Amino acid sequence: MAAIGLKSHIWNNNLKSIILLVLYPVILMGIVWACAAVVGALTGGPHNGFPAHFAGTIIYDFWPLIVTICVIWFTAAWFFHTRMIRQLAHSHPVTRQQEPELYNLLENLSIAAGIPTPKLEIIESHARNAFASGIDQKTYTVTVTRGLMNSLAKDELEAVLAHELTHIINRDVRLLIVTVIFTGMIGFAAQLMWSSIRYGFIFRGGGGNKRGGGIIVILAIAAVLWIGYMATLFMRFALSRRREYMADAGAVELTKNPSAMMRALLRISGRDQIPGTTQDIAQMCIENHKAFLGVFATHPPIDKRIAAIAAVTGEDIPDSTSLPPVGRGQGFAADNHDHANAQNPWLTRTRGGRKKTPWG
């Protein structure tokens, strides 16, 4: 881990978080300036410099309001981001009484890492994935899917939990949460503007030169907002994918079981997409094989991550075609359900200890 530069990685994450927080009001003012300049250009003025002068006047008059909006947005997101993430992921919190085996695994790993045990949440989905979220010790949370619990052996699930704990230790989760907050407001404004266009122009129809001119102004503002939104998205996807290599290494260091980490990645590969979630959640997950816009990958390829673990530890890469079956997620038929339960304690426990099949 020392050779990989763990302390530098944590320091860089903290620095990037601060820079994003400082830049956000500046970028928002730039977007407002561009929108005002477009309005000035389309409405005309007494001289050629009118659009820039008009935009400068708007920024000068309204910069306190812009800064106040930024502060309110970040304050609200800071205090309610856990609820926001839960809504986006469709997860629910669980306690030790509801998921004792899973909770004990997470607690033992946290003790070994020397950190307080994060909260635990579950997504009721067939997908095989997990992610960590939060900004401080009070809000750090590890979320896993039911499909992951159903499909991984105990040591493999332990490796995944260790991977997510490493993201917390390395401050990756804090940086990702800041970027989610960073893009959220601009994306909301862009979608609001697009809704106004659809409602005002498509559903109500055009009508009159004055109305047509207003639609042109709104379209131009919407275009500026979407350009700004895409720019902030590109900033998010430019975040180093090295964080996943670091988390894999941290998981191996915590569990002393590189084979389990490699087997877990093999079982997750290609089965990671959680239905109904957004790119914000996908970027935080242990795996996201779908690239943003088909171009920008948020995670390194699974085979490269496994090769890196094998190269550092000297372990042989497991054969993906001969992994031992774990449960119904690995092809067990319905009439073998009881046998699967006996082999894997993660299969059927849900809230309140109530038994439930992965389909029900």
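Out of curiosity, is residue 207 at pLDDT 85 or above, loosely packed, with under 14 Cβ neighbours inside 10 Å and not in a helix (DSSP H, G or I)? Here the answer is no, as residue 207 does not meet what is asked. In the range 134-161, the qualifying residues are those that are in contact with a Phe, Trp or Tyr (Cβ under 6 Å, 6 or more places away or on another chain) and surrounded by 24 or more Cβ atoms within 10 Å (Cβ to Cβ), and the one that is modelled with the lowest pLDDT is 149.
Scanning the range 125-146 for residues that are over 14 Å from the mean Cα position of the chain (by Cα) and in contact (Cβ under 8 Å) with a residue 40 or more places away in the chain yields a total of 7.
Going through (1) outside any helix (DSSP H, G or I); (2) at pLDDT 90 or above; (3) surrounded by fewer than 21 Cβ atoms within 10 Å (Cβ to Cβ) one by one, residue 311 falls short only on (1). Is there a residue being within 21 Å of residue 245 (Cα to Cα), charged (D, E, K, R) and more than 19 Å from the chain's Cα centre (by Cα) anywhere in the range 158-181? So far as the range 158-181 goes, yes, one or more of its residues are within 21 Å of residue 245 (Cα to Cα), charged (D, E, K, R) and more than 19 Å from the chain's Cα centre (by Cα).
The values are calculated or read from the model by the stated rules, or taken from the named source; none is laboratory data. None of the values given here were measured: they were computed from a predicted structure. Note that we place each Cβ from the backbone using ideal geometry, even for glycine, and neighbour counts take in every protein chain shown.
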